[in-house]
Every structure is written in structure tokens, then in C-alpha cells.
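The values are calculated or read from the model by the stated rules, or taken from the named source; none is laboratory data. From a predicted model like this one, the values you see are computed outputs, not experimental measurements. Methodologically, a virtual Cβ is constructed for each residue, glycine included, from the backbone with ideal geometry; neighbour enumeration extends over all protein chains shown.
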Amino acid sequence: MEFIRIDAWPPPEPVDYRPQLEAGNVLFFPKTPFPFPEESQQFLRQLNFAGGAIHKNIAYRPAQDKVTGFPADSGKMDRLRYIMREYSQAVVQFMAELFPQYAAAWKLDYASFRPVEEENRNLPVNKRNDLIHTDAFPSRPTNGDLILRVFTNIHPVKTRNWITTDPFRLIAGQYATGAGLREIAASSDSVSGWMRRQSARVLHGLGLPVVPRSPYDRFMLHFHEYLKRNAGFQQNCPKYRFNFPPGSTWLAFTDLVPHSVHSGQHALEQTFIIARQSMADPANAPVAILERICGKPLIPASTPKPSRHPAA
Ligand SMILES: [Fe+2]
């Protein structure tokens, strides 16, 4: 895999970076290629000192213009929401210029601010960021679409240090069968699997916190933790290190690029769900790779495609 550096933005001629991204590379902009004012960055950095109120990420839901993970009565909420909206909108505009083909069908997901130093965090294994993993969202299955994330390091002096490994195509080829892919795939055409999905859909429709998941989403959620708990994989996989400097922005399909973060503080992030059909080559989607390995469909024909509207 490669960290592909892009110094000039906008480029003199349009460039289609989809093939490089879909091959499992990271696009890296040493200078953040969209406006985000220094005073907004300062406000976010200073939130760390708000009486220890921050325990986790601050999330922003663009569709609802809503911030979670920060006390609503802090007196800072209006400004915080304004800044998260400002970041989200700047990223969306930049990404629509960089990837017009994706933008035609993408679904805008959450943004987040990560205020906590990543080094020596005391987290349970499945939440640890320093173990190499592929992303999957427990509450928001993608049904075979992809997770594209844009990150910005707003720390004034510290780099944000990542370690990645070979792209999903190679890692899945080596580990997916051992992780139980065939067993999960077998449920895609079983009566019990169909019944489980139907009942989950009914309960979800009644407002209960049950998420109907395709076999693909079940596998990806499982694989996330399987890789984190696999000491042999963590120790022996090839490792590619990259330290993202202050003021830089980078982006990757975080389900295609196994990654970990080892140190760094004050990162912003915006997630997009990219429709598989808008890829330069949909055969490179994780779901297509897994279906080739197990020889079975992982998205049942009855699974409704997610809406192309922003996340609710
Ligand atoms: Fe991740």
C-alpha cells in the first residue's frame, strides 16, 4: 500500500483518484485543502480543559445538525455545533470536487472530533485504536457499500501516527475463512438466517434498538474484532508507518485499509458511505472480495438498499 501525497489542490487538470483509493491506498494532503479557521481549531483544542467533561469522541450528525458526546448545558454547545457544521460542510464541498462520481450517490454519515491523546488509552480490546483493524459500524450497516473517512490533524505540534498493513484483498484472503466467513455466508440462504433478518426488521420498525444486518455486515463487524484479538496477525502482518503532520488531511476507505492509530491528539473526521456502484471498479469492494472467497452472496436479494439521503 502507499501513502499518496497530493501537494497541489486544486490540480491543474481533473484527476480521478478513485482507482488509487479503491486499491487500498491513503491520499495525503500535507496542507489541508479546504478552509477551516484557526480560531475554530483553537476552540476545539481548548474543550479538553472543560472540567474533564469529555470522556469520548464528540460526534456531529449533519442530517440533524446535532452534536452528541458533550454536555448540552455547558454554554459552549452553540459554538461547538457551529464549528462541527463548518468542518463537515467544508469537507463535503472539497470531497464533491475531488470525487464527483462518488458524490452523485454517497450518503453523508457522522463527523467527529477526537480530543483524547491516543497513546496509552485504557480501552477494552474492541474499542482500542492501536490494534490494526478494518472499520464496521454496529449501528449503521452498509449493505455492501464502503466507509470513506476524511481526517484532519488540528494539533498545533503533534503528528498523528498510524500503522497500516496490506489492503483488505490480501488480509481477507489470508484470514477471512479462519474468521468464519463460510459459516456466516451459509446463513444468507438459510431459513433461519432469513427469519432472523425479518424479525430484526420488524423490531427495528417498532423502534426497538435492533439492527437488521446482512451476512456481509455481520461478517465485517466480527472481522473488526477478530483482527484485534488475533495476536499472530497483530505481530506478524507487514506494517507501514505514517506520521500525519499538524495541519494535514488524509483520507482512506477504512474498511479496505486495515489501520491503527498509536499516538496523536485533536483530530477531526468526516465519514461518507460510498455506493458500491459508484466505484471505478466495484469488484474491489470488500463485499465482492468476500463473495469471491466464499462463493456465496452476502447481501440477500431481499435486503433493501440504504437510502441515498443523509443519515438519520
Ligand atoms: Fe478504525
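Side notes on the structure shown:
- Considering the stretch 238-266, and only residues there that are among the aromatic types (Phe, Trp, Tyr) and crowded, with 20+ Cβ neighbours inside 10 Å, the residue that is nearest to the ligand (Cβ to nearest atom) turns out to be Phe253.
- So Leu98, is it within 16 Å of the ligand (Cβ to nearest atom) and buried (at least 18 other Cβ atoms within 10 Å of the Cβ): no
- Residue list for the stretch 5-38, filter: surrounded by 14 or more Cβ atoms within 10 Å (Cβ to Cβ) and more than 21 Å from Ile289 (Cβ to Cβ): Ile6, Trp9, Phe28, Phe29, Pro30, Thr32, Pro33, Phe34, Phe36
- Test: residue in the stretch 70-90 that is among the hydroxyl-bearing types (Ser, Thr, Tyr), more than 30 Å from Gln277 (Cβ to Cβ) and out of contact with any strand residue (DSSP E or B) (no Cβ under 7 Å at 6 or more places or on another chain): yes
- Any hit, the stretch 108-116, residues being over 23 Å from Ile6 (Cα atoms), within 16 Å of the ligand (Cβ to nearest atom) and of a type in the set (Asp, Glu): yes
- Of the residues Ile299, Ile289, the single one that is modelled with pLDDT under 95 and surrounded by 17 or more Cβ atoms within 10 Å (Cβ to Cβ) is Ile299.
- Gln270 assigned to a loop (DSSP other than H, G, I, E, B), surrounded by 17 or more Cβ atoms within 10 Å (Cβ to Cβ) and either among the basic types (Lys, Arg) or more than 13 Å from the ligand (Cβ to nearest atom) (or both): no
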